[in-house]
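The structure under discussion appears below in the form of structure tokens.
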Amino acid sequence: MIIGAAIISGLAIILYWSVLIPRSDISEQRSPSKSVLAFVGLGLLLLVWSSFDNRPTYSYTLNENPIAISIAFDLSPSMLAIPDPSMDPGALTRFERGRSILFDLFQDLEDRQENIIVSMIGFTEKAQVILGWESNISQIREMLEFVISPELFTNTGTSIEAAINSLAGSFSTLPENLREKSHKIGIMVSDGEDTLPYSYLEYAVEKVESSSFDMIALQTGLLGENEGVPEYGEFGEFLHFQPMSGKLYTVPDVDTMMQISQIDSHRGLYVRAEAADATEKILNFIGASRGVGDSLDKSAAIILGLFMVITVIFARLLV
């Protein structure tokens, strides 16, 4: 389209000078003005730029500023909670809802050809690294699908502070050449239920505030519907919800997750896994932090530049 616009413009200019200008004027205007020539030259430069911009690439150069994503996944028993199966048969657990968002996120990042490196942490009362820094998205998906599970750890309980400390520490284990260059993002996937005293949350918030990574709190758990951890019979039939701390239902803690993400002077995002646009919000957050959308696409800039040059040339010729 760019080349076609330039050819049409060139033919129009030639037609103007050879046919439309009266012969009596040719002797007076033997050559176009310097300003017209300057704009024609600018148009040619834009064409040269477009030819280099649209040239197919046969080699891949690693982005010097990749996205380093460290994920802390809540693997406590409450992440197995579901709504009443008699009211919502086939409903996914909280864990599966959070995992689904990560699947979609990695798929979209791969489609965008983003250069990412990912680390995964599982946490209950304590946090453990499950996957060291990995850039192979297929292997990352396999870890999510076949390895990470609430049954992975035997201990129960949830410590948001342990998760945050592990997230912060994971970035110090990045390859040395990426520690300064990479854009660091921490993602916590949890229902927010912290079984430790509330005062410990203050230390987690302070840790995020003093760290250099952006924080995404991916909240799982329905707010307007009771959810419990199911117990099934011999043939897979639902029997009842298991009592947890003397309660049949487990309630997600929105306040905790919001405090983790909404810190003054720190970039953060709170998003619900059950929201239809959860993946889109995370992608937009990652894109905004990398400056995507701050400048026009190269092809759009070239087309706009050519359009303006052609407009000015015709305006100058017709004056």
Collect the residues in region 244-289 that are aliphatic (A, V, I, L, M), surrounded by 15 or more Cβ atoms within 10 Å (Cβ to Cβ) and within 14 Å of the chain's Cα centre (by Cα), keeping them in residue-number order. Leu269, Val271, Ala278, Ile282, Leu283, Ile286
Check region 213-222 and report whether any residue there is farther than 30 Å from Asp88 by Cβ and assigned to a helix (DSSP H, G or I). no
Evaluate region 171-183: report whether one residue or more is surrounded by fewer than 22 Cβ atoms within 10 Å (Cβ to Cβ) and of a type in the set (Gly, Ala, Ser). yes
Within region 102-123, can one find any residue that is more than 15 Å from the chain's Cα centre (by Cα) and not in a strand (DSSP E or B)? no
Breaking point among (1) buried (at least 16 other Cβ atoms within 10 Å of the Cβ); (2) over 24 Å from Ala168 (Cβ atoms), for Pro89: (1)
Residue by residue through region 72-125, note down the ones that are closer than 19 Å to Thr156 by Cα and of a type in the set (Ser, Thr, Tyr). Ser76, Ser78, Thr93, Thr124
Residues that are within 25 Å of Met244 (Cα to Cα), under 20 Å from the mean Cα position of the chain (by Cα) and not acidic (Asp, Glu): does region 170-188 have at least one? yes
State which residue is surrounded by the most Cβ atoms within 10 Å (Cβ to Cβ) when the search covers only region 137-153 and only residues that are touching a helix residue (DSSP H, G or I) at 6+ places or on another chain (Cβ under 9 Å) and assigned to a loop (DSSP other than H, G, I, E, B). Pro150
Would you confirm, using the coordinates I've provided, whether Val189 is at pLDDT 90 or above and more than 21 Å from Ser149 (Cα to Cα)? no
Would region 156-173 turn up any residue that is in contact with a Gly (Cβ under 7 Å, 6 or more places away or on another chain), assigned to a helix (DSSP H, G or I), in the same structural domain as Val251 (by TED's automatic domain parsing) and at pLDDT 90 or above? yes
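The values are calculated or read from the model by the stated rules, or taken from the named source; none is laboratory data. Being a predicted model, the structure only gives us computed values, none of them experimental. Every residue, glycine among them, receives a Cβ derived from its backbone with ideal geometry; neighbour counts consider all protein chains shown.
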